[in-house]
Amino acid sequence: MYRKLLIKIPFFFGFFNQNLIFFLFGTPLKKKKKSIFHFFVFIFHFFFKKRPTGTNSKKKKNLCNNSFTKGGNKKYFLKNKMFSNLFLTLVLLLLLFTFQTPLVESAETVTYNGPDTAVYENTDTASFDYGYIYCQPTFSGLKSPLSSYAVITVQVWIQHSYSSDLGLELEAPNGDWLYLTKGRGYSYSNIFYGTLFTDSAAYSVANYPYSGSGVVSPLRPEAALSNFRAHNPNGKWTFYLLDYYPGYAGYVSRVLITIQGKICSVCK
C-alpha cells in the first residue's frame, strides 16, 4: 500500500505544479475558486479512488511499468522526478505570494464630504512585472444603496512601456466586478499615466484610436461603472492591476477612487 502511494507522489506534484501555474496566471480572478474546487476533486480521485480490475487495467499497468524502466533504473527515476517536482512546487508557492502584492496601506487616505461623497487615494509607488497587485479601500458611513444618479470614477497613474499588457479591475463589496481596461493601448507606453475612467467620457477604452505613446484621458471603461448603482457602497472595495506578460516592468504611483452618491439637487 505504502509503495503504491510513494509511486503516486511525483505525479501528484507534477499535476499540482501545472494547476498552480494555471491558477496563478491563466485564470480570471473570479474563477479561481472554481479551479480550487476541481483541484481538490482531483486529489481525492487520485489517492483514494480504486482502479478497475480486469485484463484492460492489467495491460495499462504493464505499459506504465515499461515506460518507467525504459529510461533507466525505476527507483532512480522516481526519486529524481519526485525531488524535481517538489522543488518546482516550492518555487511556484513562492511566486504565489510574490505576485499577489498589496499596495502599502500607510499611503492610503479616505476623505468624506458628507454622507454622499467619498474619495480614496493611494500614493504608494509600487513596481510590478507579470502578476498582479491590488489595494482594498474600505468605505463606511455612506448612504445605501447608491442612487440612480450616483457617479463612480477611477483615476490611475501607471507607467508601462507596453500598455496592452495591462488589465485593471474594480470589485465592489458585494463581489460584483468589472474591467476598467483589458489589453488596450497596443504597444504604446504610458497610456494610463493619469487616465480618468468615467462613464461620461466621449471615447471608450475599447474604441479609442490610439496613435502614439502618452496619457489618454478621460476614457469610458470596458463596462459601465453605473453597474454599481443600487448597491451598498459601504465595505471593502478592491482595485486590481494585472500584468499579463513578463519582460516589461511597470510602476503605479497613484490611485483615486471617487464615489458620489446623491448628486441630483431634486433627489430625495
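The values are calculated or read from the model by the stated rules, or taken from the named source; none is laboratory data. On a predicted model such as this, the values are computed, not experimentally measured, just so you know. Reconstructed Cβ throughout: ideal geometry from the backbone, glycine too, with neighbour counts over all protein chains shown.
What about Y244, is it within 12 Å of H160 (Cβ to Cβ), of a type in the set (S, T, Y) and in contact (Cβ under 8 Å) with a residue 60 or more places away in the chain?
Numbers: within 12 Å of H160 (Cβ to Cβ): yes; of a type in the set (S, T, Y): yes; in contact (Cβ under 8 Å) with a residue 60 or more places away in the chain: yes.
Yes: the conditions hold for Y244.
Condition test on Q159, is it assigned to a strand (DSSP E or B), more than 15 Å from G214 (Cβ to Cβ) and polar (S, T, N, Q)?
no
Taking the conditions exactly as written (within 22 Å of A118 (Cα to Cα), in the same structural domain as T109 (by TED's automatic domain parsing) and not in a loop (DSSP other than H, G, I, E, B)), does Y251 satisfy them or not? Outline the logic, then answer.
Numbers: within 22 Å of A118 (Cα to Cα): no; in the same structural domain as T109 (by TED's automatic domain parsing): yes; not in a loop (DSSP other than H, G, I, E, B): yes.
Answer is no for this residue.
Could you list, in sequence order, the residues of region 202-224 that are without any contact (Cβ under 8 Å) to a residue 24 or more places away in the chain and not in a loop (DSSP other than H, G, I, E, B)?
Selection gives S204, R220.
Looking at region 242-252, which of its residues are hydroxyl-bearing (S, T, Y) and in contact with an Asp or Glu (Cβ under 8 Å, 6 or more places away or on another chain)?
First pass over region 242-252, keeping only residues hydroxyl-bearing (S, T, Y): 244-245, 248, 251.
If the condition is that a residue be hydroxyl-bearing (S, T, Y) and in contact with an Asp or Glu (Cβ under 8 Å, 6 or more places away or on another chain), then Y244, Y245, Y248 are the ones that fit.
What number goes with the only condition from (1) more than 20 Å from the chain's Cα centre (by Cα); (2) not in a helix (DSSP H, G or I) that N227 does not pass?
Single failed check for N227: (2).
Out of the residues in region 107-123 that are in a loop (DSSP other than H, G, I, E, B) and in contact (Cβ under 8 Å) with a residue 60 or more places away in the chain, which is surrounded by the fewest Cβ atoms within 10 Å (Cβ to Cβ)?
Initial filter on region 107-123 (in a loop (DSSP other than H, G, I, E, B)): 114-116, 123.
Still in the list and also in contact (Cβ under 8 Å) with a residue 60 or more places away in the chain: 115-116, 123.
Values: P115: 12, D116: 18, T123: 15.
Here the residue is P115.
If I ask for residues that are aliphatic (A, V, I, L, M) and more than 22 Å from Y245 (Cβ to Cβ), which ones from region 108-136 would you list? Write out each step before concluding.
Start the filter on region 108-136 by keeping residues that are aliphatic (A, V, I, L, M), which leaves 110, 118-119, 126, 133.
If the condition is that a residue be aliphatic (A, V, I, L, M) and more than 22 Å from Y245 (Cβ to Cβ), then V110, A118, V119 are the ones that fit.
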